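The values are calculated or read from the model by the stated rules, or taken from the named source; none is laboratory data. Since the model is a prediction, treat every value here as computed from it, not as a measurement. FYI the Cβ positions are ideal-geometry reconstructions off the backbone, even for glycines, and counts take in every protein chain you see. Each accessible area value is taken on the protein alone, full model and side chains, heavy atoms only, with ligands, DNA and RNA left out. Shrake-Rupley method; radii C 1.70, N 1.55, O 1.52, S 1.80 Å.
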Amino acid sequence: MIIGASLLAYDSSHLEMEPTPLRVVTMRQIADLLPNLISDDTLQNQKAAFVAHSMNKGTISPVQTLGQTPAGPMLGGKQSQVCVKTGYINEDEIFVTKVAGGGAEGYGNTGIVLVSSQRSLQPQYVLQDNAILTEIRTAAATALASRYFLPKKVTRIGLFGGGVQAFWQLRFLTLVTDCRDVVLKTRS
């Protein structure tokens, strides 16, 4: 079989382009900002994301899950899995890819967030957040829903589970209720 020389020529012009410098944001840098994230601004950003999604102004790719059926098991144990999620607001400047892992025996949650340009498609930031931004987003979504659906007077808050998610849920609920009486149900 003869392959034409033009098919064998490799266009390497893209290798000459200087990539956008990638900024890595460490967990320590993120941790310094965490107290500022428990705010009404965070709830309003969560609300804006829900509104954009409900109006089909956002794009969310199907979640890729590794380590759970039908994929083969991972070495971290029966419960270990890694999820890859990607999404963006249409016509915004960025898109985000999140890689989050959990369930590995003897380890906590882990993960990174990759923030890339929608124009150049080049990565701009890597947030080494160990999935804490996911926990905050979940707690903000709960607080936002609670703002709309809780009765005016709350006398007790009930939580199932005492892990890191409970920690963030209670902190965000302080934005929507004065109630501080909590009943916590855990496995132990």
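What the table below lists for this structure:
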| item | result |
| --- | --- |
| Residues located in the range 46-61, provided they are surrounded by 14 or more Cβ atoms within 10 Å (Cβ to Cβ) and under 14 Å from the mean Cα position of the chain (by Cα) | Gln46, Ala49 |
| Given (1) closer than 22 Å to Leu34 by Cα; (2) out of contact with any Ser or Thr (no Cβ under 9 Å at 6 or more places or on another chain); (3) surrounded by fewer than 18 Cβ atoms within 10 Å (Cβ to Cβ), number of the condition Gln128 does not satisfy | (2) |
| Selected residue [without any contact (Cβ under 8 Å) to a residue 40 or more places away in the chain, open to solvent by 50 Å² or more (accessible area, probe 1.4 Å) and among the hydrophobic types (A, V, I, L, M, F, W, C)] from Leu22, Leu66 | Leu66 |
| The lone exception for Thr20 - which of (1) in contact with a helix residue (DSSP H, G or I) (Cβ under 8 Å, 6 or more places away or on another chain); (2) at pLDDT below 90; (3) polar (S, T, N, Q) it fails | (1) |
| Identity of the residue in the range 40-58, at pLDDT 95 or above and either touching a Gly at 6+ places or on another chain (Cβ under 8 Å) or assigned to a loop (DSSP other than H, G, I, E, B) (or both), that ends up nearest to Leu114 (Cα to Cα) | Lys57 |
| Strands (runs of 3 or more DSSP E) contained entirely in the range 83-164, each with at least 3 residues that are within 12 Å of the chain's Cα centre (by Cα) and at pLDDT below 95 | none |
